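K.L.:
Here's a structure for you.
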Amino acid sequence: MRFDVLTLFPGMFSAVMGDSIIGRARDRGILEMNFIDIREFSLDKHRKTDDYPYSGGGGMLMTPQPIYDAYMSVAADLPKKPLTVYMSPQGRVFNEEIAKELAGQEQIVLLCGHYEGVDQRVLDEIVDMEISIGDFVLTGGEIAAMAVMDAVSRLVPGVLPFEEAYKNESHYSGLLEYPQYTRPPEFRGRKIPEILLSGHHANIERWKREQALINTYEKRPDMLKTAPLTEEDKAFLEKYIKSKGESNQICE
Ligand SMILES: C[S@@+](CC[C@H](N)C(=O)[O-])C[C@H]1O[C@@H](n2cnc3c(N)ncnc32)[C@H](O)[C@@H]1O
């Protein structure tokens, strides 16, 4: 899968996207990431890429020409328009479902705004989708783009060593993950749950499911309204909620 990031600050990406799992997937050629410096495309004699907004107010706005030319340096020779995403606090709020959607693409162009944002005309010209990483405002789209690329990349086949690595994880199938333990078996008097030492595969799987249900109920009960729950899950949750003396508003 290929990402082309249009940014004024390509240097911000090298450390984060060059190390660890993503760095190794890039080395193995499973992921290609290009960081395109918008400033290189400015036709202004001082290589300016921003100007005052017509609407007044403080701050500067990124001008359309360098962004458009940077975009065309990627898109001009392609047989079809690449999916082009503008990182924006006004976009769809990013989640695992959107990550799955994007992981199915062969190529994505990500545009990072800065300052007060970007001239609307170039957005209208090139952008297919806006993505926000939450209801807050960042100084630029770079951190948001890195978060999106990281979450999408780990769903690309071959990036993680095996599929279970992401299929069991929080959000992938609508629940939060169960608690996990590693060595030592006892830490500051706290022992790992005995069932994990039992070697009984089926019981351990059921324990993991139940713990995921409890975790989700305790931390994100809103997710249970849409999670794909079996009759067995519902019966377990009902019993658990009753045992706490709470009323079941999740799965009546
Ligand atoms: C200061 S923000 C501009 C905000 C814009 N004036 C507005 O009110 O919608 C600068 C840039 O940061 C990025 N950005 C800020 N918050 C973001 C968020 N929550 N998710 C994704 N990108 C964000 C966008 O690329 C944006 O162009």
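Nothing in this text is a laboratory measurement; each read-out follows from the coordinates by a stated rule. Note that the coordinates shown come from a computational prediction; the quantities given were computed from them, not determined experimentally. Ideal geometry is used to build each Cβ from the backbone, glycine not excepted, and the neighbour counts take in all protein chains shown.
K.L.:
Among THR84, GLY18, VAL5, whose Cα projects farthest towards the positive end of the dipole of the chain, with charges put on the beta-carbon of Lys, Arg (+1) and Asp, Glu (-1)?
P.N.:
Result: GLY18.
K.L.:
Something else about it: Enumerate the calculated ³J(HN,Hα) couplings along the range 236-246 in order (Karplus 6.51 cos²θ - 1.76 cosθ + 1.60, θ = phi - 60°), each rounded to whole Hz, writing x wherever the residue is Gly or Pro.
P.N.:
My calculation for the range 236-246 gives 4, 4, 4, 5, 5, 5, 4, 5, 8, x, 9 Hz in order.
K.L.:
Give the residue from ALA212, THR226, LEU123 lying farthest towards the positive end of the charge dipole for the chain; charges sit on Cβ (+1 for Lys and Arg, -1 for Asp and Glu) and the dipole is referred to the Cα centre.
P.N.:
With unit charges placed on the Cβ atoms, the residue in question is ALA212.
K.L.:
Here is a further query. Quick one: which residues, 5+ away or cross-chain, put their amide H under 5 Å from the amide H of THR63? H built at 1.01 Å from N.
P.N.:
ASP50, ASP51
K.L.:
What do you get for chymotrypsin sites (Phe, Trp or Tyr not before Pro) in the range 18-84 restricted to DSSP loop and a cutoff of at most 12 other Cβ within 10 Å of the site's Cβ?
P.N.:
TYR54
K.L.:
Quick one: among GLU238, GLU169, GLU40, which has the greatest mean-square fluctuation in a GNM of the chain with alpha-carbon springs under 10 angstrom?
P.N.:
Residue with maximal mean-square fluctuation among GLU238, GLU169, GLU40: GLU238.
K.L.:
What ³J(HN,Hα) values, in whole Hz, does the Karplus curve 6.51 cos²θ - 1.76 cosθ + 1.60 give for the range 2-17 when θ = phi - 60°, with x put for Gly and Pro?
P.N.:
3J(HN,Hα) across the range 2-17, in whole Hz: 10, 10, 10, 9, 9, 8, 8, 10, x, x, 5, 8, 4, 5, 5, 9.
K.L.:
Can you pull out the trypsin sites (Lys or Arg not before Pro) in the range 147-249 whose DSSP state is coil and whose Cβ has at most 15 other Cβ atoms within 10 Å? Don't skip to the answer; put the middle values down first.
P.N.:
Working: sites: ARG154, LYS167, ARG188, ARG190, LYS191, ARG206, LYS208, ARG209, LYS219, LYS225, LYS234, LYS239, LYS242, LYS244; in loops: ARG154, ARG188, LYS244.
When the trypsin sites (Lys or Arg not before Pro) of the range 147-249 are filtered for loop state and at most 15 Cβ neighbours within 10 Å, ARG188, LYS244 remain.
K.L.:
Which residues' amide hydrogens lie under 5 Å from the amide hydrogen of ARG2, considering only partners 5 or more residues apart or on another chain, with H built in the peptide plane?
P.N.:
Hits under the 5 Å cutoff: GLU32, GLN107, ILE108.
K.L.:
Using just the helices of the chain, give the 222 nm mean residue ellipticity in deg cm²/dmol: DSSP H runs with n ≥ 4 each add -39,500 (n - 2.57), and the total is spread over all residues, rounded to 500.
P.N.:
Theoretical 222 nm ellipticity from helices: -10500 deg cm²/dmol.
K.L.:
Rounded to the nearest 5, what % of DSSP beta bridges with both residues in the chain are antiparallel?
P.N.:
Roughly 20 percent of the DSSP beta bridges within the chain come out antiparallel.
K.L.:
Tell me, LEU213, LEU78 in order of fewest to most beta-carbon neighbours within 10 Å? Numbers along the way, then the final one.
P.N.:
On the way: LEU213 24, LEU78 10.
Listed from fewest to most nearby Cβ atoms, that is LEU78, LEU213.
K.L.:
Any idea which of ILE192, PHE236, GLN249 is furthest toward the positive side of the dipole for the range 168-252, if Lys and Arg beta-carbons carry +1 and Asp and Glu beta-carbons -1?
P.N.:
Towards the positive end, the residue furthest out is ILE192.
K.L.:
Right, something else. What is the angle, in °, between the Cα long axis of helix 64-75 and the longest principal axis of the Cα atoms in the chain? Nearest 10 is fine, range 0 to 90.
P.N.:
70 degrees
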